[in-house]
Amino acid sequence: MSAIHPDLILRSREPLNAEPPPGRLRARFITPTEDFYIRSHGAMPAIQAEAFRLKLGGLVTRKLDLTLHDLQARFHHHTLAAVLQCAGNRRGELAAVAPVSGDPWGPGAIGHAEWTGIALRDLLSAAGVPDEAGLHVAFACADEVELPGEGRFTYGVSIPLAKAMAPEVLLAWAMNGSALPPEHGFPLRVVVPGFAGVRSAKWLHAITVQRSASDNAMQQRDYKLLPPDVPAADIDWSRGVTIDEMPLNAVICEPAPDAAVAAGRLMLRGYAMASRRAVTRVDVSVDDGVSWRQATLAERAETPWSWTFWETTVDLPPGEHRLAVRAWDEAGQTQPSSLTDVWNVKGYLNGAWHRLRVVAR
(Lines give C-alpha, C1' and ligand atoms only; values in the text may rest on other atoms or scores of the structure.)
Protein backbone atom coordinates (compact mmCIF):
# COMPACT_ATOMS: atom_id res chain seq x y z
CA MET A 1 0.00 0.00 0.00
CA SER A 2 1.21 3.52 -0.78
CA ALA A 3 1.69 5.98 2.05
CA ILE A 4 -1.65 7.64 2.78
CA HIS A 5 -1.59 11.43 2.97
CA PRO A 6 -1.96 12.51 6.62
CA ASP A 7 -4.60 15.11 5.73
CA LEU A 8 -7.05 12.50 4.44
CA ILE A 9 -10.05 11.97 6.69
CA LEU A 10 -10.09 8.30 7.66
CA ARG A 11 -13.58 6.81 7.47
CA SER A 12 -12.49 3.24 8.17
CA ARG A 13 -9.11 1.56 8.52
CA GLU A 14 -10.06 -1.98 7.47
CA PRO A 15 -11.18 -1.85 4.78
CA LEU A 16 -9.39 1.41 4.01
CA ASN A 17 -11.74 4.27 3.23
CA ALA A 18 -10.65 7.91 3.33
CA GLU A 19 -11.47 11.27 1.75
CA PRO A 20 -9.73 14.65 1.51
CA PRO A 21 -10.95 17.74 3.34
CA PRO A 22 -13.11 19.79 0.95
CA GLY A 23 -10.57 22.63 0.82
CA ARG A 24 -7.85 20.32 -0.46
CA LEU A 25 -10.26 18.84 -2.97
CA ARG A 26 -10.98 22.29 -4.41
CA ALA A 27 -7.31 23.32 -4.59
CA ARG A 28 -6.60 21.78 -8.04
CA PHE A 29 -8.81 21.00 -11.02
CA ILE A 30 -7.02 17.68 -11.54
CA THR A 31 -7.05 15.99 -8.14
CA PRO A 32 -3.55 14.92 -7.07
CA THR A 33 -3.38 11.20 -6.46
CA GLU A 34 -2.55 11.73 -2.79
CA ASP A 35 -5.78 13.75 -2.41
CA PHE A 36 -8.01 11.29 -4.25
CA TYR A 37 -10.58 9.51 -2.11
CA ILE A 38 -9.93 5.84 -1.34
CA ARG A 39 -12.84 3.39 -1.44
CA SER A 40 -12.18 -0.23 -0.51
CA HIS A 41 -14.73 -2.98 0.13
CA GLY A 42 -12.17 -5.44 1.50
CA ALA A 43 -8.47 -5.87 2.10
CA MET A 44 -6.25 -4.71 -0.77
CA PRO A 45 -4.79 -7.65 -2.70
CA ALA A 46 -1.05 -7.74 -3.43
CA ILE A 47 -0.63 -8.30 -7.18
CA GLN A 48 2.66 -8.51 -9.06
CA ALA A 49 2.54 -6.88 -12.49
CA GLU A 50 4.71 -9.66 -13.98
CA ALA A 51 2.24 -12.35 -12.92
CA PHE A 52 -0.90 -10.43 -13.91
CA ARG A 53 -3.25 -11.83 -16.56
CA LEU A 54 -6.60 -10.59 -17.81
CA LYS A 55 -9.04 -13.15 -19.17
CA LEU A 56 -12.00 -12.23 -21.38
CA GLY A 57 -14.71 -14.77 -22.15
CA GLY A 58 -18.42 -15.46 -22.26
CA LEU A 59 -20.45 -14.55 -25.35
CA VAL A 60 -17.48 -13.67 -27.54
CA THR A 61 -16.05 -15.13 -30.72
CA ARG A 62 -12.49 -15.35 -29.40
CA LYS A 63 -11.54 -15.78 -25.76
CA LEU A 64 -8.55 -13.68 -24.72
CA ASP A 65 -5.84 -14.24 -22.10
CA LEU A 66 -3.53 -11.23 -21.93
CA THR A 67 -0.67 -9.93 -19.84
CA LEU A 68 -0.37 -6.28 -18.89
CA HIS A 69 2.33 -5.95 -21.53
CA ASP A 70 -0.04 -7.43 -24.13
CA LEU A 71 -2.66 -4.81 -23.32
CA GLN A 72 -0.14 -1.99 -23.51
CA ALA A 73 1.50 -3.21 -26.72
CA ARG A 74 -1.47 -4.36 -28.80
CA PHE A 75 -4.00 -1.58 -28.26
CA HIS A 76 -4.10 2.17 -28.71
CA HIS A 77 -3.53 4.15 -25.50
CA HIS A 78 -6.02 6.78 -24.33
CA THR A 79 -5.80 9.39 -21.57
CA LEU A 80 -9.05 10.82 -20.25
CA ALA A 81 -9.78 13.28 -17.46
CA ALA A 82 -12.82 12.00 -15.60
CA VAL A 83 -14.52 12.20 -12.24
CA LEU A 84 -15.03 9.11 -10.11
CA GLN A 85 -17.51 9.45 -7.28
CA CYS A 86 -18.72 7.09 -4.59
CA ALA A 87 -22.48 6.49 -4.60
CA GLY A 88 -22.32 7.34 -0.89
CA ASN A 89 -20.73 10.76 -1.36
CA ARG A 90 -22.30 13.16 1.21
CA ARG A 91 -23.91 10.23 3.04
CA GLY A 92 -23.02 11.72 6.43
CA GLU A 93 -25.51 14.57 5.94
CA LEU A 94 -28.42 12.14 5.52
CA ALA A 95 -27.93 10.87 9.08
CA ALA A 96 -29.52 14.15 10.25
CA VAL A 97 -32.83 12.85 8.83
CA ALA A 98 -32.60 9.25 10.09
CA PRO A 99 -29.85 6.64 10.55
CA VAL A 100 -28.14 5.35 7.42
CA SER A 101 -25.72 2.46 6.96
CA GLY A 102 -22.21 2.73 5.58
CA ASP A 103 -19.22 5.01 6.03
CA PRO A 104 -20.26 8.58 6.92
CA TRP A 105 -18.75 10.21 3.84
CA GLY A 106 -18.58 13.97 3.62
CA PRO A 107 -18.45 15.70 0.22
CA GLY A 108 -14.92 14.44 -0.50
CA ALA A 109 -15.74 10.94 -1.83
CA ILE A 110 -15.11 12.28 -5.32
CA GLY A 111 -12.07 13.12 -7.42
CA HIS A 112 -11.07 14.21 -10.91
CA ALA A 113 -8.01 12.43 -12.30
CA GLU A 114 -6.34 11.72 -15.62
CA TRP A 115 -6.63 8.02 -16.42
CA THR A 116 -4.49 6.22 -19.01
CA GLY A 117 -5.20 2.85 -20.54
CA ILE A 118 -7.10 1.29 -23.42
CA ALA A 119 -10.72 1.66 -24.45
CA LEU A 120 -12.70 -1.32 -23.19
CA ARG A 121 -14.55 -1.38 -26.52
CA ASP A 122 -11.27 -2.02 -28.36
CA LEU A 123 -10.71 -5.15 -26.28
CA LEU A 124 -14.30 -6.29 -26.69
CA SER A 125 -14.11 -5.72 -30.43
CA ALA A 126 -10.92 -7.79 -30.61
CA ALA A 127 -12.76 -10.63 -28.88
CA GLY A 128 -15.83 -10.34 -31.09
CA VAL A 129 -19.07 -9.34 -29.38
CA PRO A 130 -22.39 -10.52 -30.80
CA ASP A 131 -24.88 -8.03 -32.19
CA GLU A 132 -27.47 -8.75 -29.53
CA ALA A 133 -29.48 -6.28 -27.50
CA GLY A 134 -29.43 -6.29 -23.70
CA LEU A 135 -26.02 -7.82 -23.07
CA HIS A 136 -23.92 -7.05 -20.00
CA VAL A 137 -20.19 -6.93 -19.32
CA ALA A 138 -19.21 -8.38 -15.94
CA PHE A 139 -15.97 -7.65 -14.08
CA ALA A 140 -14.33 -10.08 -11.66
CA CYS A 141 -11.70 -8.74 -9.29
CA ALA A 142 -9.06 -10.01 -6.88
CA ASP A 143 -10.29 -8.40 -3.66
CA GLU A 144 -12.37 -10.34 -1.15
CA VAL A 145 -15.31 -8.55 0.46
CA GLU A 146 -17.90 -9.40 3.06
CA LEU A 147 -21.53 -8.30 3.26
CA PRO A 148 -23.95 -9.02 6.11
CA GLY A 149 -25.81 -12.21 5.33
CA GLU A 150 -23.66 -12.92 2.27
CA GLY A 151 -20.39 -14.13 3.82
CA ARG A 152 -17.06 -13.63 2.03
CA PHE A 153 -16.75 -13.51 -1.75
CA THR A 154 -14.62 -11.90 -4.42
CA TYR A 155 -15.75 -8.54 -5.73
CA GLY A 156 -17.75 -8.45 -8.95
CA VAL A 157 -20.02 -5.98 -10.74
CA SER A 158 -21.28 -5.37 -14.27
CA ILE A 159 -22.34 -2.63 -16.66
CA PRO A 160 -24.57 -2.77 -19.74
CA LEU A 161 -22.73 -3.57 -22.96
CA ALA A 162 -23.97 -0.29 -24.42
CA LYS A 163 -21.98 1.62 -21.79
CA ALA A 164 -19.00 -0.74 -22.06
CA MET A 165 -18.76 0.08 -25.77
CA ALA A 166 -18.78 3.85 -25.15
CA PRO A 167 -15.43 5.49 -25.94
CA GLU A 168 -14.95 6.93 -22.46
CA VAL A 169 -14.84 3.57 -20.64
CA LEU A 170 -11.23 2.55 -20.04
CA LEU A 171 -9.14 -0.28 -18.68
CA ALA A 172 -6.59 1.90 -16.92
CA TRP A 173 -3.12 1.16 -15.62
CA ALA A 174 -2.09 4.76 -14.88
CA MET A 175 -3.48 7.65 -12.85
CA ASN A 176 -2.20 11.19 -13.27
CA GLY A 177 0.72 9.98 -15.35
CA SER A 178 1.99 7.29 -12.98
CA ALA A 179 1.21 3.64 -12.39
CA LEU A 180 -1.92 3.05 -10.33
CA PRO A 181 -1.14 2.96 -6.60
CA PRO A 182 -2.25 -0.26 -4.90
CA GLU A 183 -5.18 1.47 -3.18
CA HIS A 184 -6.47 2.65 -6.56
CA GLY A 185 -6.38 -0.75 -8.25
CA PHE A 186 -2.83 -1.64 -9.37
CA PRO A 187 -2.13 -3.07 -11.85
CA LEU A 188 -5.43 -2.63 -13.77
CA ARG A 189 -8.83 -1.17 -13.08
CA VAL A 190 -11.97 -0.21 -14.94
CA VAL A 191 -12.88 3.49 -15.26
CA VAL A 192 -16.56 4.05 -16.06
CA PRO A 193 -17.11 7.83 -16.25
CA GLY A 194 -20.56 9.02 -15.25
CA PHE A 195 -21.37 5.86 -13.31
CA ALA A 196 -21.02 5.37 -9.57
CA GLY A 197 -17.50 4.45 -8.49
CA VAL A 198 -18.62 0.93 -7.56
CA ARG A 199 -18.74 0.11 -11.31
CA SER A 200 -15.11 1.24 -11.80
CA ALA A 201 -13.84 -2.07 -10.51
CA LYS A 202 -10.29 -2.23 -9.12
CA TRP A 203 -7.80 -5.13 -9.24
CA LEU A 204 -9.50 -6.49 -12.34
CA HIS A 205 -8.61 -10.00 -13.55
CA ALA A 206 -11.54 -11.23 -15.69
CA ILE A 207 -14.24 -9.87 -18.00
CA THR A 208 -17.29 -11.83 -19.15
CA VAL A 209 -19.86 -10.84 -21.76
CA GLN A 210 -23.22 -12.29 -20.71
CA ARG A 211 -26.99 -11.96 -21.10
CA SER A 212 -27.73 -10.84 -17.56
CA ALA A 213 -26.21 -8.51 -15.01
CA SER A 214 -23.60 -9.94 -12.65
CA ASP A 215 -25.05 -12.28 -10.03
CA ASN A 216 -22.39 -11.13 -7.57
CA ALA A 217 -23.80 -9.86 -4.28
CA MET A 218 -22.18 -6.46 -4.89
CA GLN A 219 -24.41 -6.11 -7.95
CA GLN A 220 -27.58 -7.77 -6.72
CA ARG A 221 -27.73 -7.01 -3.00
CA ASP A 222 -25.96 -3.69 -2.57
CA TYR A 223 -25.65 -0.36 -4.38
CA LYS A 224 -29.33 -0.04 -5.11
CA LEU A 225 -31.45 3.02 -4.51
CA LEU A 226 -34.17 1.89 -2.11
CA PRO A 227 -37.52 3.56 -1.37
CA PRO A 228 -37.62 5.53 1.90
CA ASP A 229 -39.92 3.02 3.59
CA VAL A 230 -37.48 0.10 3.28
CA PRO A 231 -36.13 -0.66 6.79
CA ALA A 232 -32.51 -1.39 7.62
CA ALA A 233 -33.42 -4.58 9.48
CA ASP A 234 -35.06 -6.35 6.55
CA ILE A 235 -33.99 -4.95 3.18
CA ASP A 236 -35.92 -6.22 0.17
CA TRP A 237 -33.34 -5.65 -2.57
CA SER A 238 -35.89 -6.40 -5.29
CA ARG A 239 -37.46 -3.02 -4.51
CA GLY A 240 -34.23 -1.21 -5.28
CA VAL A 241 -33.03 0.37 -8.52
CA THR A 242 -29.46 -0.47 -9.57
CA ILE A 243 -27.24 2.58 -9.20
CA ASP A 244 -25.32 3.43 -12.35
CA GLU A 245 -25.48 7.11 -13.31
CA MET A 246 -24.80 9.75 -10.68
CA PRO A 247 -27.09 12.74 -9.99
CA LEU A 248 -26.50 16.44 -10.45
CA ASN A 249 -24.63 17.79 -7.44
CA ALA A 250 -22.87 20.88 -6.09
CA VAL A 251 -20.81 21.38 -2.94
CA ILE A 252 -19.37 24.29 -0.96
CA CYS A 253 -15.71 23.44 -0.32
CA GLU A 254 -14.64 26.76 1.20
CA PRO A 255 -15.29 27.95 3.85
CA ALA A 256 -15.38 24.88 6.04
CA PRO A 257 -18.53 23.93 7.95
CA ASP A 258 -19.01 25.91 11.20
CA ALA A 259 -16.11 28.19 10.31
CA ALA A 260 -15.66 31.50 12.11
CA VAL A 261 -15.08 34.09 9.38
CA ALA A 262 -14.50 37.83 9.28
CA ALA A 263 -17.64 39.87 8.67
CA GLY A 264 -17.71 41.52 5.27
CA ARG A 265 -16.60 40.07 1.95
CA LEU A 266 -16.14 36.32 1.88
CA MET A 267 -15.09 34.09 -1.02
CA LEU A 268 -17.10 30.89 -1.49
CA ARG A 269 -15.67 28.14 -3.68
CA GLY A 270 -16.77 24.66 -4.59
CA TYR A 271 -17.41 22.04 -7.26
CA ALA A 272 -20.42 20.94 -9.31
CA MET A 273 -20.95 17.80 -11.35
CA ALA A 274 -23.59 16.67 -13.84
CA SER A 275 -22.86 13.29 -15.40
CA ARG A 276 -23.28 13.36 -19.21
CA ARG A 277 -24.76 16.87 -19.17
CA ALA A 278 -22.92 20.14 -18.67
CA VAL A 279 -23.34 22.29 -15.56
CA THR A 280 -24.72 25.57 -16.88
CA ARG A 281 -25.31 27.52 -13.67
CA VAL A 282 -24.53 27.45 -9.97
CA ASP A 283 -26.54 29.49 -7.44
CA VAL A 284 -25.45 30.37 -3.92
CA SER A 285 -27.59 31.50 -1.00
CA VAL A 286 -26.48 33.07 2.29
CA ASP A 287 -29.94 32.83 3.88
CA ASP A 288 -30.73 29.11 3.55
CA GLY A 289 -32.37 29.41 0.16
CA VAL A 290 -34.61 32.41 0.71
CA SER A 291 -32.67 34.34 -1.94
CA TRP A 292 -30.02 33.31 -4.48
CA ARG A 293 -27.19 34.81 -6.49
CA GLN A 294 -25.40 33.32 -9.47
CA ALA A 295 -21.82 32.13 -8.98
CA THR A 296 -19.03 32.27 -11.55
CA LEU A 297 -18.10 29.03 -13.28
CA ALA A 298 -14.39 29.39 -12.64
CA GLU A 299 -12.94 26.30 -14.30
CA ARG A 300 -14.46 23.62 -16.47
CA ALA A 301 -13.54 21.18 -19.22
CA GLU A 302 -15.26 20.55 -22.55
CA THR A 303 -16.21 17.03 -21.58
CA PRO A 304 -19.25 15.65 -19.72
CA TRP A 305 -16.99 13.48 -17.54
CA SER A 306 -15.16 16.32 -15.75
CA TRP A 307 -16.46 18.55 -12.99
CA THR A 308 -16.94 22.32 -12.83
CA PHE A 309 -15.31 24.62 -10.29
CA TRP A 310 -17.39 27.60 -9.20
CA GLU A 311 -16.76 30.64 -6.97
CA THR A 312 -18.40 33.84 -5.80
CA THR A 313 -17.92 36.61 -3.24
CA VAL A 314 -20.65 37.44 -0.75
CA ASP A 315 -21.08 40.11 1.93
CA LEU A 316 -21.84 38.75 5.39
CA PRO A 317 -22.89 40.98 8.28
CA PRO A 318 -21.93 39.83 11.79
CA GLY A 319 -23.89 36.83 12.97
CA GLU A 320 -24.73 33.26 12.04
CA HIS A 321 -25.41 32.41 8.40
CA ARG A 322 -26.70 29.32 6.65
CA LEU A 323 -25.06 28.95 3.24
CA ALA A 324 -26.50 26.80 0.47
CA VAL A 325 -25.59 25.89 -3.12
CA ARG A 326 -27.48 24.36 -6.03
CA ALA A 327 -26.45 23.56 -9.61
CA TRP A 328 -28.40 23.57 -12.88
CA ASP A 329 -27.62 21.44 -15.92
CA GLU A 330 -28.15 22.05 -19.62
CA ALA A 331 -31.59 20.40 -19.49
CA GLY A 332 -32.72 22.99 -16.95
CA GLN A 333 -32.72 20.45 -14.12
CA THR A 334 -31.69 21.41 -10.61
CA GLN A 335 -31.32 19.72 -7.23
CA PRO A 336 -33.95 18.92 -4.59
CA SER A 337 -33.87 21.32 -1.66
CA SER A 338 -34.31 18.92 1.23
CA LEU A 339 -32.30 16.00 2.58
CA THR A 340 -35.64 14.42 3.47
CA ASP A 341 -36.50 14.28 -0.23
CA VAL A 342 -33.51 12.06 -1.03
CA TRP A 343 -33.08 10.05 2.19
CA ASN A 344 -32.72 6.27 1.86
CA VAL A 345 -31.47 3.72 4.36
CA LYS A 346 -28.22 3.09 2.47
CA GLY A 347 -27.44 6.78 2.18
CA TYR A 348 -26.86 6.74 -1.58
CA LEU A 349 -27.12 9.53 -4.17
CA ASN A 350 -27.40 12.55 -1.90
CA GLY A 351 -28.03 15.29 -4.45
CA ALA A 352 -29.90 17.71 -2.18
CA TRP A 353 -28.73 21.30 -1.73
CA HIS A 354 -25.43 21.35 0.13
CA ARG A 355 -25.72 23.53 3.20
CA LEU A 356 -23.30 24.66 5.87
CA ARG A 357 -23.25 27.10 8.76
CA VAL A 358 -20.72 29.87 9.31
CA VAL A 359 -20.41 32.57 11.94
CA ALA A 360 -19.25 36.05 10.87
CA ARG A 361 -17.53 38.19 13.49
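The values are calculated or read from the model by the stated rules, or taken from the named source; none is laboratory data. Since the structure is predicted, the reported quantities are computational estimates derived from the model, not experimental observations. Using ideal geometry, Cβ is built from the backbone for each residue, glycine included, and neighbour counts are taken over all protein chains shown.
Taking the conditions exactly as written (touching a residue at least 40 places away in the same chain (Cβ under 8 Å) and touching a Cys at 6+ places or on another chain (Cβ under 9 Å)), does Pro130 satisfy them or not? No, not satisfied. Looking across the stretch 62-78, just one residue is within 17 Å of Phe52 (Cβ to Cβ), loosely packed, with under 13 Cβ neighbours inside 10 Å and in contact with a strand residue (DSSP E or B) (Cβ under 6 Å, 6 or more places away or on another chain), and that is Asp65. Looking across the stretch 216-232 at every residue that is touching a Gly at 6+ places or on another chain (Cβ under 7 Å) and assigned to a loop (DSSP other than H, G, I, E, B), the one that is nearest to Gly347 (Cα to Cα) is identified as Leu226. Is it the case that Glu93 is outside any loop (DSSP other than H, G, I, E, B), free of Cβ contacts under 8 Å to residues at least 40 places away in the same chain, touching a His at 6+ places or on another chain (Cβ under 9 Å) and assigned by TED's automatic domain parsing to the domain that holds Ile110? Here the answer is no, as Glu93 does not meet what is asked.
Right, Arg199: among the basic types (Lys, Arg), in contact (Cβ under 8 Å) with a residue 24 or more places away in the chain and assigned by TED's automatic domain parsing to the domain that holds Leu71 or not? When the stated conditions are applied, Arg199 passes them. Do we find that Gly57 is in a strand (DSSP E or B) and not aliphatic (A, V, I, L, M) in this structure? So Gly57 fits the description; yes. Of all residues in the stretch 181-215, those satisfying the criterion of being within 17 Å of the chain's Cα centre (by Cα) and in a loop (DSSP other than H, G, I, E, B) are Gly185, Val192, Pro193, Gly194, Ala196, Ser200, Ala201, Lys202, Trp203.
Of the strands (runs of 3 or more DSSP E) contained entirely in the stretch 233-311, those carrying at least 1 residues that are closer than 23 Å to Tyr348 by Cα and touching a helix residue (DSSP H, G or I) at 6+ places or on another chain (Cβ under 9 Å) fall at 249-254, 264-273. Figure legend. Inter-residue proximity from the stretch 102-117: first residues outside the structural domain of Val169 (by TED's automatic domain parsing) and farther than 22 Å from Ser12 by Cα, second residues assigned to a strand (DSSP E or B) and of a type outside the set (Asp, Glu), beta-carbon distance below 9 Å, spacing 6+ or different chains. No pairs are indicated.
Of the residues making up the stretch 115-133, one or more are within 30 Å of Glu254 (Cα to Cα) and either of a type in the set (Phe, Trp, Tyr) or crowded, with 16+ Cβ neighbours inside 10 Å (or both). Scanning the stretch 134-154 for residues that are in contact with a Gly (Cβ under 7 Å, 6 or more places away or on another chain) and either of a type in the set (S, T, N, Q) or crowded, with 16+ Cβ neighbours inside 10 Å (or both) gives Ala138, Phe139, Ala140, Cys141, Asp143, Val145.
Only one of the listed residues (Leu25, Leu8) is of a type outside the set (S, T, N, Q), touching a Cys at 6+ places or on another chain (Cβ under 7 Å), surrounded by 17 or more Cβ atoms within 10 Å (Cβ to Cβ) and under 30 Å from Ala298 (Cβ atoms). That residue is Leu25. Do you know which residues across the stretch 70-110 are aromatic (Phe, Trp, Tyr) and more than 24 Å from Glu168 (Cβ to Cβ)? Once the filter is applied, which keeps residues that are aromatic (Phe, Trp, Tyr) and more than 24 Å from Glu168 (Cβ to Cβ), the stretch 70-110 yields only Trp105. Restricting the stretch 317-344 to residues that are of a type in the set (A, V, I, L, M, F, W, C) and over 19 Å from the mean Cα position of the chain (by Cα), the residue that is surrounded by the most Cβ atoms within 10 Å (Cβ to Cβ) is Val325.
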